[in-house]
Every structure is written in C-alpha cells, then in structure tokens.
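Every number in this text was worked out from the coordinates using simple rules, so none of it is lab data. Just so it is clear, the model here is predicted, and its values are computed rather than measured. Methodologically, a virtual Cβ is constructed for each residue, glycine included, from the backbone with ideal geometry; neighbour enumeration extends over all protein chains shown.
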Amino acid sequence: MRGRTLNDAFIILDEAQNATRLQMKMFLTRFGHRSRIVITGDLSQIDLPRPENSGLLHAIQLLQGVPGIAVVRLTETDIVRHPLVSEIVRLYEADAARGARSSPSSP
C-alpha cells in the first residue's frame with residue numbers, strides 16, 4: 001500500500017485493533033480526494049504482544065477532536081444478529097441437554 005493514493009474510494013479497514021502504530025499511519029495517509037475511510041476494531045480483542053501498541057487505540061487518542069474525524073463506539077445493545085442465530089443456539093443447547101441425559105457417565 002505504501003506510495004499509493006486512493007482517490008474516489010470507500011476504504012474499509014477491519015480488525016484494526018491488531019494494526020501497529022506504523023501500519024495505521026500508513027493506512028490513514030493513503031486516502032485521497034473524494035474518498036472516505038471506515039475503520040473497525042474491538043479494543044477488547046487486541047492480539048498484539050503489547051496491546052498498548054495498537055494503532056487503533058493510538059489513532060483514537062491522537063486524532064480525537066480533529067475536524068472531519070469521528071469515533072463511534074458501539075455497545076452490546078448495538079449487536080444485532082440474524083434471527084436464525086437464536087434458533088441455532090436453541091437447537092445446540094437442546095442437543096447438548098439430550099446428550100448429557102443419554103450419556104452413560106451421567107447420573
């Protein structure tokens with residue numbers, strides 16, 4: 001990506017919590033005219049050896065208050081899953097309960 005300028009683009013960086021500070025800087029400096037960037041990441045799931053080196057965490061702190069940059073924080077109330085997920089979970093739980101009752105080692 002180094003040396004590129006992305007004009008007229010909609011750019012998404014997913015799982016950004018695991019980008020380093022240098023990777024985040026490189027990414028953020030690529031967008032060009034008439035482009036938009038969306039960066040997603042979960043700060044509770046940083047897998048870097050030193051979580052404080054997360055480029056996402058650093059960018060949020062560094063760029064806070066810069067006009068044209070917004071940070072949206074989602075909570076568990078924002079999680080919406082497909083209705084089938086509830087049915088799948090219900091069926092797996094029922095199957096596990098049946099398996100526990102029919103297991104020879106169960107009381």
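Measuring from a point 7 Å past the Cα of Leu22 along Cα-to-C-beta, which residues in the stretch 44-61 have an amide N at less than 18 Å? Those under the cut-off are 48-59. This model, with +1 at the C-beta of Lys and Arg and -1 at the C-beta of Asp and Glu, gives the chain a dipole about its Cα centre of some 420 debye. Kirkwood analysis of the chain, using all unique Cα-Cα pairs, places the hydrodynamic radius at 17.3 Å.
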